[in-house]
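What follows draws every value from the coordinates through simple rules; no lab data is involved. Keep in mind the model is a prediction, meaning the values are calculated, not measured. With ideal geometry, Cβ positions are generated from the backbone for all residues, glycine too; neighbour counts draw on all protein chains shown.
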């Protein structure tokens with residue numbers, strides 16, 4: 001076991017808007033993840049595990065990120081599904097929202 005590698009953690013602030021905020025019952029969460037780097041898809045999976053089945057069913061379609069999820073990261077807005085392998089940097093803020101809302 002590589003102790004140096006296992007000691008690596010990444011801190012990320014995630015903001016949730018719209019329906020995701022309602023499902024999570026919070027608009028913001030600070031995550032500390034026990035690995036030195038994380039992809040966008042892995043981060044969204046962490047959120048789905050944290051906030052439960054209803055949240056998971058809203059942000060995933062099978063094993064793919066829902067096509068209506070958008071991400072604001074480093075002052076750029078883009079579809080989450082097309083950027084699943086994007087590496088999220090330490091101590092950054094990411095906003096996740098859906099452009100499809102009920103009403």
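Miscellaneous remarks
- Using just its DSSP H runs of length 4 or more, each adding -39500 (n - 2.57), the chain gives a mean residue ellipticity at 222 nm of -7500 deg cm²/dmol after division by all residues.
- Acute angle (nearest 10 degrees) that the helix 40-51 long axis makes with the longest principal axis of the chain, alpha-carbon atoms: 70
- Computed over segment 3-98: relative contact order in percent, which uses C-alpha pairs under 8 Å that are six or more apart: 38
- Cα centroid separation, segment 39-74 to segment 13-34 (Å): 11
- Choice from 62, 22, 36 showing the highest fluctuation, given a GNM over the chain with Cα pairs closer than 10 Å: 62
- Spacing of the modelled spin labels on residue 61 and residue 39, each 7 Å from Cα toward Cβ, amounts to 1.9 nm.
- Considering only 35, 25, 76, the mean-square fluctuation computed in a Gaussian network model of the chain, springs between alpha carbons under 10 angstrom, is largest for 76.
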